[in-house]
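**Q** Before I ask anything, here is the structure I am working with.
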Amino acid sequence: MSTVKKAVVRLGFKTGEFVVYPSHGVGQITAIEEQEVAGFKLELFVVSFAKDKMTLRVPTAKAASVGLRKLADAEQVTKALTTLTGRARIKRTMWSRRAQEYEAKINSGDLVAIAEVVRDLYRSEAQPEQSYSERQLYEAAVDRMTREIAVVDDVTETEALKKIEGQLAKSPRRAAKGSEAEAEADADLESDNDDMQEEAA
């Protein structure tokens with residue numbers, strides 16, 4: 001074994017490794033340090049988020065419970081990118097409730113769940129404008145996805161974003177133009193509702 005790089009390993013995580021912290025996205029373990037708190041020695045992962053100019057200290061013992069995870073593997077990335085090409089699934093619930101669900105998915109740290117948010121909130125040029133809060137959630141989800149794919153595939157964030165946009169362009173809703181696509185999506189939802197009413201009758 002080579003001892004050129006002295007990476008410290010704890011619970012399968014090592015210094016220098018990129019990881020995903022659910023509520024902040026991709027960060028890098030820059031160190032594993034010890035601190036004394038109330039007479040107890042506490043071991044901490046020091047996770048740096050360069051883009052956000054932020055550093056988190058996560059107790060190594062709590063890494064699993066806070067959801068710290070390794071980067072997605074190639075298979076998960078493929079699954080997330082495939083998710084983008086599916087039909088948007090938009091529930092007929094109040095926006096505030098949907099927004100909470102989208103936010104929970106973004107902060108879950110699960111790449112496929114984040115891809116579902118991107119798929120459901122994406123709007124092509126021909127489609128109606130998004131509200132400010134929709135746009136905020138969409139951009140947050142795209143940002144999380146872009147950062148992780150960039151690190152996993154070892155490409156720039158611009159290249160990762162192009163990959164995501166390329167997949168979104170293939171989705172069925174985007175093939176129809178603007179309001180037709182919306183009408184088609186609405187028709188699907190209406191027929192679902194009709195089916196439910198028939199069953200209830």
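The values are calculated or read from the model by the stated rules, or taken from the named source; none is laboratory data. Note that the coordinates shown come from a computational prediction; the quantities given were computed from them, not determined experimentally. Every residue, glycine among them, receives a Cβ derived from its backbone with ideal geometry; neighbour counts consider all protein chains shown. These accessible areas exclude ligands, DNA and RNA; they are computed on the full protein's heavy atoms, side chains included. Shrake-Rupley method; radii C 1.70, N 1.55, O 1.52, S 1.80 Å.
**Q** Could you count how many residues in segment 42-78 are open to solvent by 60 Å² or more (accessible area, probe 1.4 Å) and in a strand (DSSP E or B)?
**A** Qualifying residue count, segment 42-78: 4.
**Q** Name the residue, out of LEU111, LEU81, that is touching a residue at least 24 places away in the same chain (Cβ under 8 Å), under 17 Å from the mean Cα position of the chain (by Cα), surrounded by 11 or more Cβ atoms within 10 Å (Cβ to Cβ) and under 15 Å from SER23 (Cα atoms).
**A** On the way: LEU81 fails: under 15 Å from SER23 (Cα atoms).
Exactly one of LEU111, LEU81 is touching a residue at least 24 places away in the same chain (Cβ under 8 Å), under 17 Å from the mean Cα position of the chain (by Cα), surrounded by 11 or more Cβ atoms within 10 Å (Cβ to Cβ) and under 15 Å from SER23 (Cα atoms), namely LEU111.
**Q** From (1) farther than 23 Å from GLU101 by Cβ; (2) touching a Lys or Arg at 6+ places or on another chain (Cβ under 9 Å), pick out the condition that doesn't hold for ALA169.
**A** Just one mismatch for ALA169, condition (2).
**Q** Residues that are aromatic (Phe, Trp, Tyr) and either at pLDDT 90 or above or within 18 Å of ILE106 (Cα to Cα) (or both): does segment 45-55 have at least one?
**A** Yes: segment 45-55 contains one or more residues that are aromatic (Phe, Trp, Tyr) and either at pLDDT 90 or above or within 18 Å of ILE106 (Cα to Cα) (or both).
**Q** Sticking with this structure for a sec: Pull up segment 38-76, narrow it to residues that are in contact with a Pro (Cβ under 9 Å, 6 or more places away or on another chain) and of a type in the set (D, E, K, R), then point me to the one that is farthest from MET145 (Cα to Cα).
**A** Looking at residues that are in contact with a Pro (Cβ under 9 Å, 6 or more places away or on another chain) and of a type in the set (D, E, K, R), I get GLU43.
**Q** Please work out which one of (1) open to solvent by 80 Å² or more (accessible area, probe 1.4 Å); (2) of a type outside the set (A, V, I, L, M); (3) in contact with a strand residue (DSSP E or B) (Cβ under 6 Å, 6 or more places away or on another chain) is the condition GLU33 fails and give its number.
**A** (1)
**Q** If the requirement is being touching a residue at least 40 places away in the same chain (Cβ under 8 Å) and of a type in the set (Val, Ile, Thr), which of these qualifies: VAL66, VAL37, VAL9, VAL58?
**A** VAL66
Here is a yes/no grid of residues against (1) in contact with a helix residue (DSSP H, G or I) (Cβ under 9 Å, 6 or more places away or on another chain); (2) within 27 Å of GLU116 (Cβ to Cβ); (3) of a type in the set (Ser, Thr, Tyr):
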residue: GLU17; (1), (2), (3): no, yes, no
residue: VAL26; (1), (2), (3): yes, yes, no
residue: ALA38; (1), (2), (3): no, no, no
residue: LYS41; (1), (2), (3): no, no, no
residue: LYS51; (1), (2), (3): yes, yes, no
residue: MET54; (1), (2), (3): no, yes, no
residue: ALA64; (1), (2), (3): no, yes, no
residue: LEU68; (1), (2), (3): yes, yes, no
residue: VAL77; (1), (2), (3): yes, yes, no
